[in-house]
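Accompanying notes for the structure given below.
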Amino acid sequence: MAKLVPVKLSERAYVKIKKMISDYRFSPGSRLNVEQLARDLGTSRTPIWEAVRR
């Protein structure tokens, strides 16, 4: 049986935001709204901040 490894919320947010960027969900040069991203991804702002700082 495979052991489940917990994934940090910031890592999950990073992967989702990266996918959103590669899918052209944001216009080039546009600013990311941390509060809106947090709502869209169902998390608080802290994991979003940690993700976008990467």
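Would you please name the residue that is farthest from the chain's Cα centre (by Cα), looking only at residues in region 39-54 that are under 12 Å from Met20 (Cβ atoms) and without any contact (Cβ under 8 Å) to a residue 40 or more places away in the chain?
Asp40
Given the residues Glu50, Glu35, which is the only one that is among the charged types (D, E, K, R), surrounded by 14 or more Cβ atoms within 10 Å (Cβ to Cβ) and part of a helix (DSSP H, G or I)?
Every option except Glu50 fails the conditions.
Can you confirm whether region 17-28 contains a residue that is loosely packed, with under 13 Cβ neighbours inside 10 Å, of a type outside the set (Val, Ile, Thr), at positive phi and in a loop (DSSP other than H, G, I, E, B)?
yes
Output yes when any residue across region 17-26 is free of Cβ contacts under 8 Å to residues at least 40 places away in the same chain and acidic (Asp, Glu), and no when none is.
Yes, that holds for at least one residue.
Coordinate-derived values only; no laboratory data. These numbers were taken from a predicted model, which means no experiment stands behind them. We place every Cβ from the backbone using ideal geometry, glycine too, and count neighbours over all the protein chains shown.
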